Structures are given as structure tokens and as C-alpha cells.
Amino acid sequence: MTLGKTAKVISTVSLTLLLAACGNDNASDSGEFDASTDIHVITREEGSGTRGAFSEIADVVDDNGDDAITQSATVQNGTSAVMQGVAGDLYAVGYISLGSLDNSIKAVNVNGVEATPENIIAGDYEVARNFNVTYGGELSEVAQDFWDFMFSDQAQALVSEEGYVAVDSDAPEYTSSALDGKISIVGSTSVQPIMERIAQAYREKNPNVVIEITAPGSGAGVTAAIDQTADIGMAS
């Protein structure tokens with residue numbers, strides 16, 4: 001993935017894009033789907049990194065390479081909205097991150113393979129993509145320290161605890177430098193939850209650091225990193 005000469009991108013956590021089905025097994029008389037069932041498709045907004053990844057993985061693009069998800073799909077902005085839409089409709093399907101899955105919805109097996117971290121690592125669950133963090137130019141001392149923390153054993157353990165897939169099972173230990181300052185992180189709504197958790201853990205070790213996280217989308221995150229209007233961009 002090329003972002004430009006001044007930008008760098010690195011995979012931080014892996015996730016699966018889930019097909020989500022209503023978690024209420026008693027929501028209909030039969031609880032079964034057949035060829036006549038009207039499926040309600042829920043998708044993410046244009047510009048969403050999650051939508052772009054799902055379209056590419058599921059090969060729902062037209063001859064021009066543009067997103068060709070069904071025009072009858074309901075568009076939702078953000079992971080939470082997709083989850084709420086699916087949870088309230090037995091016949092709805094959508095896609096979210098594995099770490100965002102809760103008891104209100106359920107994951108759909110793909111080609112008979114269950115969506116688990118083990119199956120994702122093995123490559124058996126094929127609907128998967130990376131979470132990425134980016135920066136442009138040179139990071140400030142405190143932003144660099146946070147970057148190093150993201151790839152430490154403490155942060156990678158949090159990634160696993162939150163239901164995602166860590167990219168480094170042998171990451172180095174982080175030692176606090178007791179810095180102060182401010183870090184701006186902008187980007188994907190899918191990456192935001194795990195980033196919030198990592199930021200919380202970092203601030204427990206560096207209480208004088210202020211971390212501002214906003215999630216206008218992956219595209220905005222990459223642009224902010226390249227333009228250096230944010231220290232770190234989140235992209236899915």
C-alpha cells in the first residue's frame with residue numbers, strides 16, 4: 001500500500017470482517033432461511049476502510065474497480081450502527097471487526113470455517129484484513145514513545161485480550177520514559193476501540209500525556225498523517 005514518500009504504514013492488529021446475523025434464535029417462527037427469504041444488507045458508508053476492505057475481499061467490485069455492493073443496502077456510519085441494525089433484524093447481515101462482536105449478534109461461518117483468532121492466524125477464515133497505523137514525516141518524542149508502546153508486549157497482549165489478533169507474539173517490553181505532551185490520533189472507526197484501549201494503558205504509565213482520538217474514517221486518517229495535521233493516522 002503506497003501512501004506517499006513521507007508516510008509510513010505498518011500493520012498493528014489483524015481482524016476479521018464479520019458477517020453478522022441477529023443473535024436472537026427465537027426471533028422468527030422457524031428461525032430458518034430459504035431461497036425466498038428477503039435478506040436485508042447493511043453496509044458502511046463510502047470512504048469507510050472497512051467497506052473498502054470487504055468489497056475487495058468479497059470481490060464485489062464492478063469492471064472499473066468501483067464498489068458494487070447492492071444498491072438496496074442500508075448504509076450505516078460506524079461499527080456501532082451496523083451492529084444495532086443487524087441485532088434488531090433477524091434477516092439482516094452486515095460486516096464488522098472481530099473484536100467488536102458481542103452477545104447481541106453472531107458471526108457467520110465462511111465456507112464452514114468459524115471466525116476465531118486461531119482460524120484467522122491459520123488463514124482458514126478468509127474474510128480478514130489488517131488494522132494499520134500511519135505517520136508522515138518525523139514523530140515527536142512523545143508520539144514516537146507511544147508508537148513504540150503500540151508494538152510492545154503490553155500493548156500486543158491487550159490486542160489479544162480484546163479479541164483481535166496480535167501481529168507480534170514476541171514483542172519487546174515497554175519501559176516508561178515519564179514524558180509529557182500531546183498526541184493526536186485520527187482515522188478509522190473500526191480501529192478506534194482498540195486504539196482507545198491502548199491509549200488508556202499508555203496513559204497509566206505516562207499520566208502527563210494527553211491523547212486525543214477522533215474517528216472520521218480511514219481516508220481522513222491517512223490524509224491527516226500525510227499532511228501531518230495529526231501525529232498518527234488509523235486505517236483499516
Only one of (1) over 21 Å from residue 218 (Cα atoms); (2) at pLDDT below 90; (3) open to solvent by less than 40 Å² (accessible area, probe 1.4 Å) does not apply to residue 149, and that is (2)
Quick test of your reading of the structure: residue 141 fulfils all but one of (1) over 20 Å from residue 196 (Cβ atoms); (2) open to solvent by 50 Å² or more (accessible area, probe 1.4 Å); (3) modelled with pLDDT under 90. Name the failing condition by number. (3)
So which pairs qualify, if the first residue must be in the stretch 148-166 and under 14 Å from residue 195 (Cβ atoms), the second must be part of a loop (DSSP other than H, G, I, E, B) and open to solvent by 30 Å² or more (accessible area, probe 1.4 Å), the Cβ gap must be under 6 Å, and the two must be at least 6 apart or on different chains? 156/168
Can you list the strands (runs of 3 or more DSSP E) found entirely within the stretch 40-128 that contain at least 1 residues being surrounded by 14 or more Cβ atoms within 10 Å (Cβ to Cβ) and under 14 Å from the mean Cα position of the chain (by Cα)? 40-44, 92-97
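For (1) open to solvent by 10 Å² or more (accessible area, probe 1.4 Å); (2) in contact (Cβ under 8 Å) with a residue 24 or more places away in the chain, each residue gets a yes or a no:
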site: 186; (1), (2): yes, yes
site: 189; (1), (2): yes, yes
site: 195; (1), (2): no, yes
site: 207; (1), (2): yes, no
site: 214; (1), (2): yes, yes
site: 232; (1), (2): no, yes
Within 20 Å of residue 218 (Cα to Cα) and touching a helix residue (DSSP H, G or I) at 6+ places or on another chain (Cβ under 7 Å): which single residue out of 80, 100, 55 fits that description? 100
Qualifying position, being under 22 Å from residue 98 (Cβ atoms), among the charged types (D, E, K, R) and modelled with pLDDT of 80 or more, among 59, 25: 59
Residue list for the stretch 129-138, restricted to those being under 16 Å from the mean Cα position of the chain (by Cα) and open to solvent by 40 Å² or more (accessible area, probe 1.4 Å): 130
Of the criteria (1) closer than 30 Å to residue 124 by Cβ; (2) at pLDDT 90 or above; (3) open to solvent by 10 Å² or more (accessible area, probe 1.4 Å), which one residue 167 fails: (2)
When residues of the stretch 129-165 are filtered for being assigned to a helix (DSSP H, G or I) and among the hydroxyl-bearing types (Ser, Thr, Tyr), how many remain? 1
Return only the number of the condition from (1) farther than 24 Å from residue 77 by Cα; (2) assigned to a strand (DSSP E or B) that residue 176 does not satisfy. (2)
Find the residue count for the stretch 111-145, including only residues that are touching a residue at least 40 places away in the same chain (Cβ under 8 Å) and either within 30 Å of residue 178 (Cβ to Cβ) or out of contact with any strand residue (DSSP E or B) (no Cβ under 7 Å at 6 or more places or on another chain) (or both). 13
Selection from the stretch 216-230 of residues that are more than 14 Å from the chain's Cα centre (by Cα) and open to solvent by less than 20 Å² (accessible area, probe 1.4 Å): 224, 225, 230
Verdict on residue 34 being open to solvent by 60 Å² or more (accessible area, probe 1.4 Å), farther than 20 Å from residue 102 by Cα and at pLDDT 80 or above: no
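The values are calculated or read from the model by the stated rules, or taken from the named source; none is laboratory data. Here the structure is a predicted model, which means the values were calculated and not measured. All Cβ positions, even for glycine, are placed from backbone atoms using ideal geometry, and neighbour counts span all protein chains on display. These area figures cover heavy atoms from the full protein model, side chains too; ligands, DNA and RNA do not enter into them. Shrake-Rupley method; radii C 1.70, N 1.55, O 1.52, S 1.80 Å.
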